[in-house]
Structure formats: structure tokens, C-alpha cells
1. Roughly what would the spin-label model give for residue 87 and residue 104, points 7 Å off Cα along C-beta, in nm?
2. Net charge near residue 117: determine it from the other residues with C-beta under 11 Å of the C-beta of residue 117, scoring Lys and Arg +1 and Asp and Glu -1.
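A short reminder: the numbers here are calculations on the coordinates, not readings from a lab. All figures in this text were calculated on a predicted structure; none of them were measured in a lab. Glycine gets a Cβ as well: all are built from the backbone with ideal geometry, and neighbour counts include every protein chain shown.
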Amino acid sequence: MIAIAVVASLVVYDWVTGYIGGTTTTAGKAIQIQSFAPMTATSTLVIYVQNVGQGDVQIKQDQRVYVDSNLVTISAANPTPTSWPLTIPVGQTVGLTVPLPTGYIAGDKLNIKVTTTDGSFMTITGT
């Protein structure tokens with residue numbers, strides 16, 4: 001019985017250390033959508049994205065933002081990048097302006113996904 005308990009604890013230890021090690025490796029770069037604001041007067045949506053990871057992240061202008069599962073092109077960013085892809089330093093927040101979905105009415109629920117060039121992403125749903 002003691003041998004079985006020792007072997008079981010070694011297996012659990014090996015699994016936990018492997019899981020934690022893998023999680024730490026993939027968590028090095030991360031983003032968070034702080035908020036978003038639909039601008040119905042201009043038919044645009046401003047998405048505020050913060051780099052909460054351990055290294056700079058990049059976002060491409062035409063391949064990284066989805067609104068209601070539709071890929072959209074970023075029409076502007078604040079601060080304005082000197083070139084694309086847009087680099088977001090650690091701890092910094094940027095505002096990404098994208099078009100609102102066709103037929104959007106104030107108060108409609110939106111599903112937004114922002115993805116970085118290294119594959120980190122965040123999805124948020126709200127009104």
C-alpha cells in the first residue's frame with residue numbers, strides 16, 4: 001500500500017509540475033480587453049486593449065480583430081502607430097477603432113475577439 005501511495009504521489013507531482021510549467025510558458029504574453037465603446041454617430045467601435053503579459057505584443061491591422069465572428073480591419077489606433085503591426089508595450093493600453101457591424105442598434109450585444117500575432121487572444125461579450 002505504501003508503494004502504491006508513493007507511486008501515485010509521484011505521478012500527481014509530475015503531472016502538476018508539467019501543467020504549471022506549460023501554463024507559465026504560454027502565459028508570457030497576454031492581452032486584456034479593458035472596455036469597448038460603440039460610436040453610433042460614426043458607425044465605429046473603439047476597443048481598449050491592454051498588454052497584461054510579460055513581453056511586448058503585436059496586432060496586425062487587417063488580421064486580428066473579430067466583431068460578431070466577422071474579421072474586421074482596424075481603421076485607427078490610439079496612440080497612432082508609426083507602422084503595422086502595432087506593438088503594445090507591457091502595461092500599456094491602446095484604443096483600436098473598427099467598423100460597427102451592419103445594422104447595429106445601440107444596446108445590441110457584441111462579441112469581440114482580439115488576437116495578437118503570437119496567438120494570444122481575449123474575447124469579450126457585452127453591450
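1. Placing both labels 7 Å along Cα→Cβ, they lie 3.0 nm apart.
2. Around residue 117, the surrounding residues sum to +1.
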